[in-house]
Amino acid sequence: MASEETITSFYEMGLDDRLLKAIAKLGWSEPTLIQDKTIGLLLEGKDVLIRARTGSGKTAAFAIPLIQKILSNKPMQAQQEIKGVILAPSKELCNQIYQVIVNLTIKCSREVKCIDISPQVQLNTQKVLLAEKPDIIVSTPGRIFQHLKAGNINLKESLDTLVIDEADLIFSFGYEDDMKAVLEYLPPVYQAALASATLSEDVLQLKKLVLHNPAILKLEEPPLAPPSQLAHYSLAAEENDKAAILYALLKLRLIRGKSIIFVNTVDRCYKLKLFLEQFGIPTCVLNSELPATSRCRAVTQFNTGTYDIIIASDEKALEEPHVIKQKSKRRKDKESGVARGIDFQFVSNVINFDFPQDVNSYVHRAGRTARGKNQGTALSFISIRERVLLDEVESELKQSYGRATLFKTYQFKLEEVEGFRYRAKDAWKAVTRIAVREARLKEIKQEVLTCDKLKSYFEDNPRDLQSLRQDKALHTVKLQSHLKDVPEYIVPKSLKRLVNSGKRKRKFDREIAMSGATPAKSRHVARASNPLISLSIPTKKK
Ligand code: AMP
């Protein structure tokens, strides 16, 4: 078990001083379990299949040895060469990996150069940078293939290491052909590492294609943080009641802290956003149809605290698998990747408003919280129709943890929040299909207006820019200011009793009226230890 094993310190790994200093600067006092296991093996030159849960520190697990090898070999190297290629299935992931490498090479940025070529700029713009032969290239398979085909890079003589991150998504994001084509451009022998949160069929296929060194070590650990760190709740909620329940949970502050709400379609992203907006609950959205810059902005706005709630629809749920694999027929940006693998920071709660379609997707979603050593909660709304999917997840995951059950039941007495239900019904209805369509169109329009090429126009016309800022509420649904407040008569009795006296009441009222903004200090779905909660909806009265 992870906790019983002795972890080798970074200092005992024989790493270069410059790397150690960078690690110290990042505040990493000791390696994570996956780093402890992987760094040594990669330094020895072995091929590795890293099956690690998201948030386990796997990026540094392959980045540290890659940088170390480059630093060690540099003095013997006659000329500058591309030594490492890291492939990932989306631009966001590439950017994230690149940032980790930048941080790890902060003390040796002259010796170890890295570029991320995933952004879809002109090939020629990147050609100039590639001509300098950076030590490490981070890219999507599609992008690097374009450069290989164009002769802008040659890896045949120089490449030492190939890393494929989030390997289980490479094929499903339509990169199968590109991936296979890239392999043709690599030297016959190189060290390879595959990192993935799950071991799907696609990963096993990639493993056959890429891992060619016989000394393969497969590292496994449970796909998610242990239940003591990541609590899984299910909440019985029929389709018509989900919105009301979410509204009540947020407004009664039974859900606190930064939250990702997952839905299964792009339309539902906007429907929910427009619904919550009517109650003064600000959210941003993330889905594969947003242009790359909007997606990056949404993630940044969430990570930097502009929004405490992000509503995301994940790729798997958006399309049927056969459509995903037919990349030529796809009209969407296949590199979007949306929420999977992205390092959302300080997420307290993952809320499955719609339950994911399979176990892998649940793992990817729930893995957005309880990262590193943080606590987290995954709360799933379950309709009768979704029960079977929950059972599948339960039966698969509980084996990993050797437990009889994984999901705790979050008791929610709908009858206690009749007032919320009543308001929610109207608010949900107010978000018509036209409203959703307009919201989607509006966001695309915003993107056009915030594009770089129009920058000078906006400098001359700042008011236009102001009116189109992304954090501006979408006015496709008429907002009624009274809905932002929670009148006392709709607060459940159990909560009312508690807050009816003096100071506490005032505090509660103030907080309730806070339009859904959640204080940074209390970051989790409130637990029974919180007096507001133990008397209220989720648990039986004691
Ligand atoms: P990853 O699984 O690579 O996405 O990493 C998840 C998070 O863990 C990132 O925010 C890293 O900054 C953080 N992290 C990686 N290695 C360590 C470490 N040894 N100690 C503490 N945090 C770490």
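The values are calculated or read from the model by the stated rules, or taken from the named source; none is laboratory data. Here the structure is a predicted model, which is why all the values come from computation and not from measurement. Methodologically, a virtual Cβ is constructed for each residue, glycine included, from the backbone with ideal geometry; neighbour enumeration extends over all protein chains shown. For accessibility, only protein heavy atoms count, side chains too; no ligands or nucleic acids. Shrake-Rupley method; radii C 1.70, N 1.55, O 1.52, S 1.80 Å.
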Practice task
Considering every residue within the range 354-372, establish whether at least one is open to solvent by 80 Å² or more (accessible area, probe 1.4 Å), out of contact with any Cys (no Cβ under 9 Å at 6 or more places or on another chain) and in a loop (DSSP other than H, G, I, E, B).
Solution key: yes
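How many residues does the range 212-261 contain that are open to solvent by 20 Å² or more (accessible area, probe 1.4 Å), in a loop (DSSP other than H, G, I, E, B) and at pLDDT below 90?
Residues of the range 212-261 open to solvent by 20 Å² or more (accessible area, probe 1.4 Å): 212-218, 220-222, 226-229, 233, 236, 238-241, 256.
Now drop any that are not in a loop (DSSP other than H, G, I, E, B), which leaves 212-215, 220-222, 226-229, 238, 256.
If we keep only those that are at pLDDT below 90 as well, we get 212-215, 220-222, 226-229, 256.
Of the residues in the range 212-261, 12 are open to solvent by 20 Å² or more (accessible area, probe 1.4 Å), in a loop (DSSP other than H, G, I, E, B) and at pLDDT below 90.
Answer with yes or no whether residue 350 is modelled with pLDDT of 85 or more and within 16 Å of the ligand (Cβ to nearest atom).
yes
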Handout entry: Checklist (1) open to solvent by 10 Å² or more (accessible area, probe 1.4 Å); (2) in contact with a Leu (Cβ under 9 Å, 6 or more places away or on another chain) applied to residue 296, failing item
Key = (2)
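If you scan the range 373-401, which residues turn out to be among the polar types (S, T, N, Q), open to solvent by 10 Å² or more (accessible area, probe 1.4 Å) and more than 21 Å from residue 166 (Cα to Cα)?
The initial filter retains those residues of the range 373-401 that are among the polar types (S, T, N, Q), namely 374-375, 377, 380, 383, 395, 399-400.
Narrowing further to those that are open to solvent by 10 Å² or more (accessible area, probe 1.4 Å): 374-375, 395, 399-400.
Passing the criteria: 374, 375, 395, 399.
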Completion exercise
Checked the range 84-107 for anything charged (D, E, K, R) and either within 9 Å of the ligand (Cβ to nearest atom) or modelled with pLDDT of 95 or more (or both); matches are 107
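Rundown of residues vs (1) part of a helix (DSSP H, G or I); (2) of a type outside the set (Gly, Ala, Ser); (3) within 13 Å of the ligand (Cβ to nearest atom); (4) without any contact (Cβ under 8 Å) to a residue 40 or more places away in the chain, yes/no style:
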| position | (1), (2), (3), (4) |
| --- | --- |
| 22 | yes, no, yes, no |
| 28 | no, yes, yes, yes |
| 36 | yes, yes, yes, yes |
| 82 | no, yes, no, no |
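Would you check if there is a residue in the range 108-117 being in contact (Cβ under 8 Å) with a residue 12 or more places away in the chain, within 15 Å of the ligand (Cβ to nearest atom) and not in a helix (DSSP H, G or I)?
Narrowing the range 108-117 to residues in contact (Cβ under 8 Å) with a residue 12 or more places away in the chain: 108, 111-117.
Among the residues that remain, those that are also within 15 Å of the ligand (Cβ to nearest atom) are: none.
No, every residue in the range 108-117 fails to be in contact (Cβ under 8 Å) with a residue 12 or more places away in the chain, within 15 Å of the ligand (Cβ to nearest atom) and not in a helix (DSSP H, G or I).
Got a sec? Which of 49, 41 is open to solvent by less than 50 Å² (accessible area, probe 1.4 Å), more than 22 Å from residue 93 (Cβ to Cβ), away from the ligand (no atom under 12 Å from the Cβ) and in contact (Cβ under 8 Å) with a residue 40 or more places away in the chain? Give the steps one after another, and end with the answer.
Numbers: 49 fails: more than 22 Å from residue 93 (Cβ to Cβ).
The conditions single out 41.
Could you check, for the range 405-415, whether at least one of its residues is open to solvent by less than 10 Å² (accessible area, probe 1.4 Å), in contact (Cβ under 8 Å) with a residue 40 or more places away in the chain and of a type in the set (A, V, I, L, M)?
Restricting attention to the range 405-415, the residues satisfying the condition of being open to solvent by less than 10 Å² (accessible area, probe 1.4 Å) are 406.
Now drop any that are not in contact (Cβ under 8 Å) with a residue 40 or more places away in the chain, which leaves 406.
This time we only want the ones that are of a type in the set (A, V, I, L, M), so: 406.
Yes - at least one qualifying residue is present in the range 405-415.
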Exercise for the section: Could you please give the count of residues in the range 52-72 that are within 13 Å of the ligand (Cβ to nearest atom) and either closer than 20 Å to residue 204 by Cβ or assigned to a helix (DSSP H, G or I) (or both)? Expected result: 10
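Select from the range 131-161 the residues that are of a type in the set (A, V, I, L, M), assigned to a helix (DSSP H, G or I) and either out of contact with any strand residue (DSSP E or B) (no Cβ under 7 Å at 6 or more places or on another chain) or open to solvent by 60 Å² or more (accessible area, probe 1.4 Å) (or both) and list them in ascending order. Before the answer, list the steps.
Step one: of the range 131-161, the residues of a type in the set (A, V, I, L, M) are 131, 136-138, 144, 148, 150, 153, 155, 159.
Filter once more, keeping what is assigned to a helix (DSSP H, G or I): 131, 144, 148.
Within the range 131-161, 131, 148 qualify.
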Fill in the blank from the handout: The number of residues in the range 427-441 that are at pLDDT below 85 and surrounded by 17 or more Cβ atoms within 10 Å (Cβ to Cβ) is 3
Handout entry: Candidate set: the range 114-125, residues that are out of contact with any Phe, Trp or Tyr (no Cβ under 9 Å at 6 or more places or on another chain) and modelled with pLDDT under 95; chosen: the one most open to solvent (accessible area, probe 1.4 Å)
Key = 122
